Amino acid sequence: MGKSQEATATSCELRIIRARNVEFNSSESLFVRCYMSAGNNKRVRFESRDVSSSNMVWNQSFSLDCSGTKQSMSNMLLEGTIIFELRQRSTGISFFGTTGKSQLLGKAEVPWRTVYESSTMDIEKWIMMKPKRSFLDGMKPPAVEIGMKVTGAQISKKHTKIVGARKCDRAECKSFVESELFALDAALEFSCY
């Protein structure tokens, strides 16, 4: 196996924290649906638990262990994204015993590169959702506070690696990692479970 074909593992953590600027009635619940690319035109879908209109707080985490070649993992970090959908659904039960379909309130896409470029490989931020329908003047779009974290064999918390016989600093190391380990021309071939 060549250097770029060696298997490596990375752990990705997503946190859905809370929402704001969301108007919905008490007979509906709110949840966040996420999509993450899994290579070969496939994606992983997962959902937060439902919350009520009186308490739009989840504090829920999802941990994904991903494995693949160094290049496919680097593609995920430098080109991959997570799609977040803020959705609502009726909490009532239908005649057939099921709840109604969910409706999209807003959508946002966050690149993993944002996490890679942070000094701690861990971010927490509010993302503004692109609303499905237009809002009246003065209304703010819905927002969801999220967290994203990456840990793994190829990415150290200190962002330092040995290059030749010397230790590189963060800027040198980042340049080395981007040019050597994180080449962008390989197809994304990783799996998450």
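Some observations on this one:
- Condition broken by residue 87, with the remaining ones in (1) in a loop (DSSP other than H, G, I, E, B); (2) modelled with pLDDT of 80 or more; (3) closer than 21 Å to residue 132 by Cβ satisfied: (1)
- Test for residue 75: is it in a loop (DSSP other than H, G, I, E, B) and more than 17 Å from residue 129 (Cβ to Cβ): no
- Selected residue (criterion: nearest to residue 76 (Cα to Cα)) from residues of the range 19-62 that are buried (at least 16 other Cβ atoms within 10 Å of the Cβ) and among the acidic types (Asp, Glu): 50
- Flag for residue 79 being surrounded by fewer than 15 Cβ atoms within 10 Å (Cβ to Cβ) and out of contact with any Lys or Arg (no Cβ under 9 Å at 6 or more places or on another chain): no
- Filter result for residue 90 (among the small types (Gly, Ala, Ser), in contact with a helix residue (DSSP H, G or I) (Cβ under 7 Å, 6 or more places away or on another chain) and in contact (Cβ under 8 Å) with a residue 12 or more places away in the chain): no
The values are calculated or read from the model by the stated rules, or taken from the named source; none is laboratory data. Remember, it's a predicted structure, so these values are computed and weren't measured experimentally. All Cβ positions, glycine included, derive from the backbone under ideal geometry; neighbour counts span all protein chains shown.
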